[in-house]
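Structure first, then comments.
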Amino acid sequence: MPLIKILPAEIASKIAAGEVVERPVSVVKELVENALDAGATEIRVDLLNGGKKLIRIQDNGRGMSQEDAALCFKRHATSKISGEEDLERISTFGFRGEALASISAVSRVVLKTSDGSGAGYMVEREGEKLLRFSESAFPKGTLVEVQDLFFNLPARRKFLRSERSELGLVVNYLTWQALAFPEIKFVLTNNQKEIINCPAVSSLRERIYQIFGRKVLDKLMPLEYEEGSYVIYGLSSRPFAGRLDRQHQLFYVNRRPVKDRMLTAALTQAYLGLLEKGKYPEGFILLSIPFDQVDVNVHPAKSEVRFREPQRIFRLILKAVEMGARSESLVKPIIVAREEVSGRERTERAKTEADQSELGWSAQEEELPTPVQAEAASHYGLTAAKEKMQAKRESETAGKSFRVLGQYLNSYIVAVSDEAVFIIDQHNAHERILFEKFLELRRTTGWSSKQPLFPQVLELSPAQKLSYEEMKYELEELGFGLEPMGGNSLVLREYPEILSDEEVREVFFALIEDSEDFRLKDRMERLLATMACKTAVKAGQPLQQEEMEFLVRELFNSDQPGLCPHGRPVVIRLERSRIERTLGRKPDED
Ligand SMILES: Nc1ncnc2c1ncn2[C@@H]1O[C@H](COP(=O)(O)OP(=O)(O)O)[C@@H](O)[C@H]1O
Ligand SMILES: [Mg+2]
């Protein structure tokens, strides 16, 4: 008896299905791509339970004839390529003829379709089996309903995450895809609740506005650059704008969303010297290149591509950003990075920017500290502490006497005691101190909220709105008072008094985008840690002597001076005995 067996077709197709269909978002992706390939101008995605229960996608594309409706679930059934030479230049999203076969192998599927020539047809399938093929009236277009994904693959089903997490993936994917097709209307609902609704518009700018709002759009500049048959267009960060994470780095090749390290690296390099430390460029970057210059057939889910001339594309991105930034600087003074600017210059700069805001850019765009902010900084911060500390300056806490020598690289405080030399990371230290303050306040009196003079409007992306709704109660407990204002916008009526007017926006967004850090006990603690991180002094910020002394004293008084709330080290301690030994002042003790 041979040991090798040929697998029964049913098992083989489940295995193959696993490559294409991993989770609800993979189903959404395949079906949306089919709708795009069918020339739809409206695509609607309805989910139940984040897609784990039901995924329904309806389009108004060209639909299918009776014959095609009967064939489309067969593996390797495709209308998009017919010969080997077509593989060299693929212009459609699909071409493998696998999606419908794979999806139907692992779920219960109903397809309704009509090409507008006669009645419509309905196909009902379960697992590999065809249950029914019938005539059924239907408007031109196609609807695919996928129920109980992986009902026949319990092992896979177990790997699905929470509703919220699966839904999050779909929101991100659809956002990504919708940006490449502003002329198409996209709608997404989950449990009948609308999450994305973008009617057709005529440009990427407008689509970005629909999805992310004015604030995001205002920080972007247009890109447009052409070299032979290679074209690059889209929007990316204006010089000295940027954001605190890489979430807005989206790339497309011939309108196909792609992930590619080379593209990310090119964008990063293009912004060297154009952004402050700690900021990442945003980029909604579309490349249009001849179909035979890119291989999309590298990955079953087609999210990766291979370029024939990667260096050429790298250079193109550098060039496009350079040109974009150059034409920006004609209208806007180039601003030096924050760490090189003194307080007075900052104020002046804020003023000029306020004047310029009439020209269409907002003064807060760079989120520059203004004098108002300095006053508003609470006594938990540094400014007010300064005065208090001034009085106590000479009197050192018992047993903890140290002297601050100064600041190194505007980021580290160098302090000495009789026993050791300390090199302290100013950001991590302040973060630790604030975190403990917040924890203590929460244990004891709590803190109150304050109302801003002018209520701020916060524009959320669909993904942000989702996480906001999920953590509404925690945010309320923290002292945020928000009201819905239509669409994805919120009005900020109240916020914790420990935040300044200028900080609050950044802190709010950091809170709702809070990534799951399991080292911290509960989510509330995590939120407090995020708040501490966002309000702490930054690396690169020059500090006054009193500020440094305050930080060092508070740090040595804190519960865990060694680590910041996120677990990064705060202090390097160089023992006196080690210094003396290393420099040969004292013989080795052993
Ligand atoms: N929404 C749709 N509208 C019209 N035709 C469709 C749609 N979805 C699938 N089809 C047809 O079914 C075929 C098989 O689809 P699929 O399994 O996704 O493979 P592929 O997209 O790789 O061709 C497609 O080539 C297309 O002809
Ligand atoms: Mg397809």
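The values are calculated or read from the model by the stated rules, or taken from the named source; none is laboratory data. Bear in mind that the values here come from a model prediction, so they are computed numbers and not experimental data. All Cβ positions, even for glycine, are placed from backbone atoms using ideal geometry, and neighbour counts span all protein chains on display.
Annotations for the structure displayed:
- Filter pass, Arg89 being more than 15 Å from ligand 2 (Cβ to nearest atom), surrounded by fewer than 15 Cβ atoms within 10 Å (Cβ to Cβ) and touching a residue at least 60 places away in the same chain (Cβ under 8 Å): yes
- Candidate set from the stretch 95-117 (those that are free of Cβ contacts under 8 Å to residues at least 40 places away in the same chain and more than 16 Å from ligand 2 (Cβ to nearest atom)); member that is surrounded by the most Cβ atoms within 10 Å (Cβ to Cβ): Lys112
- Selection from the stretch 25-57 of residues that are more than 16 Å from ligand 2 (Cβ to nearest atom), touching a strand residue (DSSP E or B) at 6+ places or on another chain (Cβ under 8 Å) and either at negative phi or of a type in the set (Phe, Trp, Tyr) (or both): Thr41, Glu42, Arg44, Asp46, Leu47, Leu48, Lys53, Leu54, Arg56
- Exactly one residue out of Arg132, Arg125 is surrounded by 14 or more Cβ atoms within 10 Å (Cβ to Cβ), outside the structural domain of Gln464 (by TED's automatic domain parsing) and either in contact with a Leu (Cβ under 7 Å, 6 or more places away or on another chain) or not aromatic (Phe, Trp, Tyr) (or both): that is Arg125.
- For Gly168, the criteria (1) without any contact (Cβ under 8 Å) to a residue 24 or more places away in the chain; (2) closer than 30 Å to Lys259 by Cβ; (3) not aromatic (Phe, Trp, Tyr) hold in every case but one, which is (1).
- Top-ranked residue of the stretch 5-24 - restricted to ones that are touching an Asp or Glu at 6+ places or on another chain (Cβ under 6 Å) and closer than 20 Å to Lys129 by Cα, ranked as nearest to ligand 2 (Cβ to nearest atom): Val20
- Within the stretch 23-79, the residues that satisfy the criterion of being within 9 Å of ligand 1 (Cβ to nearest atom), of a type in the set (Gly, Ala, Ser) and assigned to a helix (DSSP H, G or I) are Ala35, Ala69.
- Residues of the stretch 181-195 satisfying the condition of being touching a residue at least 24 places away in the same chain (Cβ under 8 Å) and either crowded, with 18+ Cβ neighbours inside 10 Å or assigned to a strand (DSSP E or B) (or both): Phe181, Pro182, Ile184, Lys185, Phe186, Val187, Leu188, Thr189, Asn190, Ile195
- Residue, nearest to ligand 1 (Cβ to nearest atom), within the stretch 87-131, restricted to residues that are in a strand (DSSP E or B) and among the hydroxyl-bearing types (Ser, Thr, Tyr): Thr113
- Failed item, numbered, when Gly168 is tested on (1) closer than 16 Å to Val27 by Cβ; (2) modelled with pLDDT of 95 or more: (2)
- Looking at the stretch 199-315, the helices (runs of 4 or more DSSP H) lying wholly inside it that each contain 1 or more residues that are in contact (Cβ under 8 Å) with a residue 60 or more places away in the chain and on the phi < 0 side of the Ramachandran plot sit at 204-212, 214-218.
- Residues being at pLDDT 90 or above, more than 19 Å from Glu183 (Cα to Cα) and of a type in the set (S, T, N, Q) - total across the stretch 196-251: 4
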